[in-house]
Amino acid sequence: GVSDAPTVQFLKEKNIPVYLSSCFTQMINMYQGENDNVKSARRNDIVVVDVDPELLPKEIRDVAKYYSAKVDDDKKLSRKERLKHAYRLLRIYASETKVLITSRIHAALPASVQGVPVIFVEQKLLPGGGGGRTKG
């Protein structure tokens, strides 16, 4: 299984069996055992992940909380530390975020599964990969 339509097409052209499985993070439930009232009661923040604040209206820019999914390469973090960073972001999306504004596919998809409205800012070259990744 692969996560995007261009990769499906590429592998099919090579006669490799393939199917579109989407993003694994869409299967993560950060709220196991909690009801909808508990979930929504804590969500108060406008969260921005890897979007230039200058692209946002002043009213949003001034109150938003800003994060980056990118882990600086020069920090030389271990795999465990990188996973902890990712998990921390997933918890923020699930428990604190009223709305997510992001250019990151792997922020948008898991947030939407948790019931968080997402504003996806598509760019020619998305962070973490090239264009065409949003097809499919």
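Between residue 68 and residue 112, what length comes free when the chain is fully extended (0.36 nm per residue of separation minus the Cα-Cα distance, one decimal in nm)?
Roughly 14.1 nm would be gained on extension.
Straightening the chain between residue 54 and residue 77 buys 5.3 nm, computed as 0.36 nm per residue apart minus the Cα-Cα spacing. At a Förster distance of 30 Å, what's the computed FRET efficiency of residue 119 paired with residue 16, Cβ-Cβ distance as r, to 0.05? The value I calculate is 0.30.
Using a probe radius of 1.4 angstrom, the carbon and sulfur fraction of the accessible surface of region 36-120 is 53%.
The residues of region 36-120 have, on average, 61 Å² of accessible surface per residue, using a 1.4 Å probe with all protein chains present.
Under the convention that each Lys and Arg Cβ holds +1 and each Asp and Glu Cβ holds -1, the size of the dipole of region 36-120 around its Cα centre is about 480 debye.
The values are calculated or read from the model by the stated rules, or taken from the named source; none is laboratory data. Small disclaimer: the values here were computed from a predicted structure and weren't measured. No Cβ is skipped: glycine too gets one built from the backbone with ideal geometry, and neighbour counts run over all protein chains shown. In case anyone asks, the SASA skips ligands and DNA or RNA and just uses the protein heavy atoms, side chains included. Shrake-Rupley method; radii C 1.70, N 1.55, O 1.52, S 1.80 Å.
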